[in-house]
Amino acid sequence: MPATRLRDAGQRVTGQRLAVAIALASARRQVTAQQLWERMRVRHPGLGRATVFRALEALTAAGLARRLERDGHVYAYVACRPTHHHHLACRSCGRVEEIGEEMVTTISDRVREELGFQIDDARVDFYGLCRRCAAGVLSGSA
């Protein structure tokens, strides 16, 4: 499926891009390009760091990945399903959860009604603590 999504988005399908897509999906959380490259270089010793960066940008352009901003203007990436969605990103454990459009419809409806702005596309990312990390903070164990 990554190959089809890349092709449909007008991106070249290469072995490196497919390997990065698979590695990103298997991470199951947000990872920086550096972290992903470090994970991948054991199984793909010839894969350069710059190739991983370029592949992540291609995957992002094709909608297979999303770039999230971390503190200090550092970017992390997360694999994305094909349907339109938004993200909840935990700043503690790095977990990312996708939420559907219905969760932000109220915001877009208010923007349209109160400001007269016609929204063509929206990407909303919420940053904070996931349930597990928040419970740890509340109980004092984090």
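The values are calculated or read from the model by the stated rules, or taken from the named source; none is laboratory data. Nothing here was measured: the structure is a model prediction, and the numbers come from that model. Heads up, the Cβs are rebuilt from the backbone with ideal geometry, glycines too, and the neighbour counts pull from every protein chain shown.
Kindly provide the set of residues from segment 59-73 that are in contact with a Lys or Arg (Cβ under 8 Å, 6 or more places away or on another chain), over 17 Å from S26 (Cα atoms) and in a strand (DSSP E or B), ordered by number.
Of everything in segment 59-73, just one residue is in contact with a Lys or Arg (Cβ under 8 Å, 6 or more places away or on another chain), over 17 Å from S26 (Cα atoms) and in a strand (DSSP E or B), namely R70.
Please go through segment 6-58 and give me each residue that is polar (S, T, N, Q), assigned to a helix (DSSP H, G or I) and within 16 Å of the chain's Cα centre (by Cα), ordered by number.
S26, Q34, Q35, listed by residue number.
Which of (1) over 25 Å from D8 (Cβ atoms); (2) surrounded by 14 or more Cβ atoms within 10 Å (Cβ to Cβ); (3) at pLDDT 90 or above is the odd one out, the single condition P45 does not satisfy?
P45 satisfies all of (1) over 25 Å from D8 (Cβ atoms); (2) surrounded by 14 or more Cβ atoms within 10 Å (Cβ to Cβ); (3) at pLDDT 90 or above except (2).
Find the strands (runs of 3 or more DSSP E) located wholly in segment 74-142 whose residues include 1 or more that are modelled with pLDDT under 90, and list them.
Answer list for segment 74-142: 74-79, 85-90, 96-100.
Could you tell me whether segment 112-128 includes any residue that is among the aromatic types (F, W, Y), in contact with a strand residue (DSSP E or B) (Cβ under 7 Å, 6 or more places away or on another chain) and farther than 25 Å from D8 by Cα?
So far as segment 112-128 goes, yes, one or more of its residues are among the aromatic types (F, W, Y), in contact with a strand residue (DSSP E or B) (Cβ under 7 Å, 6 or more places away or on another chain) and farther than 25 Å from D8 by Cα.
Would you point out which residue out of L68, L115 is more than 17 Å from L129 (Cα to Cα) and either surrounded by fewer than 17 Cβ atoms within 10 Å (Cβ to Cβ) or in the same structural domain as M1 (by TED's automatic domain parsing) (or both)?
Going through L68, L115 in turn, just one is more than 17 Å from L129 (Cα to Cα) and either surrounded by fewer than 17 Cβ atoms within 10 Å (Cβ to Cβ) or in the same structural domain as M1 (by TED's automatic domain parsing) (or both): L115.
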